[in-house]
1. How high is the FRET efficiency from T358 to S395, r the C-beta distance, R0 30 Å, rounded to 0.05?
2. How about K213: which lysines have a C-alpha closer than 17 Å to its C-alpha, ignoring those fewer than 8 places off in the same chain?
3. Using the Cα gyration tensor of the range 424-506, with a ≥ b ≥ c the square roots of its eigenvalues, what is the shape: rounded (a/c below 1.5), prolate (a/b larger than b/c) or oblate (neither)?
4. Straight-line reach from K174: which aspartates and glutamates fall under 16 Å, measuring Cα to Cα and dropping same-chain residues less than 8 apart?
5. When only Cα pairs under 8 Å and 6 or more residues apart are kept, what is the percent relative contact order across the chain?
6. For the chain, with the dipole built from +1 on Lys and Arg beta-carbon atoms and -1 on Asp and Glu ones, taken about the Cα centre, which of T164, G338, S219 lies farthest toward the positive end?
7. Compute the distance in nm between two label points, each set 7 Å from the Cα along the Cα-to-Cβ direction, one at L78 and one at S444.
8. From the cross-link list K323/K366; K555/K627; K216/K372, which pairs have alpha carbons spaced over 27 Å apart?
Amino acid sequence: MAAAAAPRNNKRRRLSPAPATTTAFPLDSLADELLFLVLDRVAAADPRALKSFALASRACHAAESRHRRLLRPLRADLIPAALARYPSASRLDLSLCARVPDAALAAAPSGSSLRAVDLSRSWGFGAAGLAALAGACPDLADLDLSNGVHLGDAAAAEVARMRTLQRLSLSRCKPLTDMGLGCVAVGCPDLRELSLKWCLGLTDLGLHLLALKCKKLTSLDLSYTMITKESFLAIMKLPNLQVLTLVGCIGIDDDALGSLDKECSKSLQVFDMSHCQNVTDVGVSSIVKSIPNLLELDLSYCCPVTPSMGRSLQKITKLRMLKLEGCKFMADGLKAIGSSCVSIRELSLSKCSGVTDTELSFAVSKLKNLLKLDITCCRNITDVSVAAITSSCTSLISLRMESCSHVSSGALQLIGKNCFYLEELDLTDSDLDDEGLKALAGCSNLSSLKIGICLKISDEGLTHIGKSCPKLRDIDFYRCGGISDDGVIQIAQGSPMLESINLSYCTEITDRSLMSLSKCTKLNTLEIRGCPRVSSAGLSEIAMGCRLLAKLDIKKCFEINDVGMLYLSQFSHSLRQINLSYCSVTDIGLLSLSSICGLQNMTIVHLAGITPNGLTAALMVCGGLTKVKLHEAFKSMMPAHMLKNVEARGCIFQWINKPFKVEVEPCDVWKQQSQDVLV
């Protein structure tokens, strides 16, 4: 019995565990300042990593809550939970929420730490919601109400209660009148930056009161308003004003500019008068006399450039940027610019008429410190101009010369041989060939390269770029019919930081290209429209490898079907915009795609596999949509109450009536047709 009892006693005996050394969790010993520096680096490398970090432990969860400063909820009903989860957040970005009702804004807790709120793409709220926001956020400094076409004086009166505001945008708040602006001017005296673009209800009375009350303004946008000479003088006397934007203000003319006197503020540094059609060279001369400290001047689409106007700019000795896009150059006008503006670093002559080799060559010979030059669509320049640019302006970091059709491939080689510091280059629709790309390989700092509609380039040229330009982030091969998978693979392997690539109508590329691009983990924009040889197999690799993908254009990719959509729904949670027209997607694929919470923009024209019921179900499920393009035939097939329901959530339908066209024109045929249209 005793022997039998022994085993039973052994079973009941409790073994004492070995003493364990308890150590504090490493994060607990780190100061928040150091921990936040670590999290900043983690977020910079991969924004998704913060979520994984927060799930590691309670300590990590708490640390990530204290660290996050920006909230970007996908739906308005998530705002209360987000604010409770992240009490230290200082910025609330609601640009992904199409409709934000007043109740959602009222969910902000009293005494909230929010200092910036972005409602620029939202609607559904009014004065009541803004009143609640003003009461809950006593330290609010930045409020963006752009595109609030429904916001008027009542909303402005509630904004005026936010006395700590320093930055406010009321762009396109068309019902706003002088009364509402007066409330803001009196209630928010600390405003530094204000945008009133397209506020058509404002007059000189309200703008004059603004100038009287908001003396701390440093930046003011009055584009497309009814400002005239009466309030313009008061605005120009603001003591701290540094940036003034008056795009398309027809009330600003030579008389208004000529009335500027010595009392005009000397602090103004950036002045934008583009599209002010009633201003001539006489008015420009008045500007330079009164505002001698300008750093940037934009006169695009404003008035013809005469020699006298060019010479008058000599009085602005500190001028660094001059934009003259769309202007007509009179004889010797550009020469005068070159002689008078020797200090400028950025010159834009895009779509200017009257630009010749003689004048451009003379101008750049004087502007040896030029860093950025835009001569897009200056169709009269030839190799002579390019030779002058590359020999005189060797420090260029940006050169745009799209559609300069009279420049030869030999002259384009000079760019790569002489301008080694280039970071941005646009040679779209040019005579560039593989030898030119070989020369451009010397520009190892290139981050943006646009060479669309260059029909002479091939994989050989791309190999040189791939091996020598590791900093490329944005590249455009639109309608480059001579390239294939081998060239794209070289680019993908040599540019791991690639963020955007356009391969539209590069008809020779296949899934091999997409598989290589899937290794570029920072890729957020992929355009492969009109590439009939890619399929769902390649798209699935993109979905799994490029988790940051936000914009996808697969129009006329006939081999992409529901399988590709299933992979996108599983892995591409950052997707915001997609074009599915002419693909082989059915109701199943569309329904799976609609599960992506952040999807905002869809184009689904000529999808043979889509039925009205399937489309209706997908639209009802996808709650974040803000814009949908559909064929007009669906309008009569879908229930009217469903369309109203989707529109009530903030979605806009655009009905397209285009004939079904499957054929993809060869690049050379398409280019010839385009040139015929221009002629």
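1. Working: r = 23 Å, r/R0 = 0.78.
Efficiency computed from Cβ-Cβ geometry: 0.80.
2. The qualifying lysines are K237.
3. Details: a/c = 1.32, a/b = 1.22, b/c = 1.09.
Note, shape of the range 424-506 comes out rounded.
4. The qualifying aspartates and glutamates are D144, D153, D204, D221.
5. On the way: 1689 pairs, mean separation 31.4, N = 679.
Worked out over the chain, it gives 5 percent.
6. In the chain, that residue is T164.
7. The two pseudo-label positions are separated by 4.3 nm.
8. Values: K323/K366 17 Å; K555/K627 17 Å; K216/K372 32 Å.
Result: K216/K372 exceed 27 Å.
The values are calculated or read from the model by the stated rules, or taken from the named source; none is laboratory data. Treat the numbers as computed from the prediction; the structure is a model and nothing was measured. Here Cβ is always computed from backbone atoms with ideal geometry, including for glycine, and neighbour counts include all displayed protein chains. These accessible areas exclude ligands, DNA and RNA; they are computed on the full protein's heavy atoms, side chains included. Shrake-Rupley method; radii C 1.70, N 1.55, O 1.52, S 1.80 Å.
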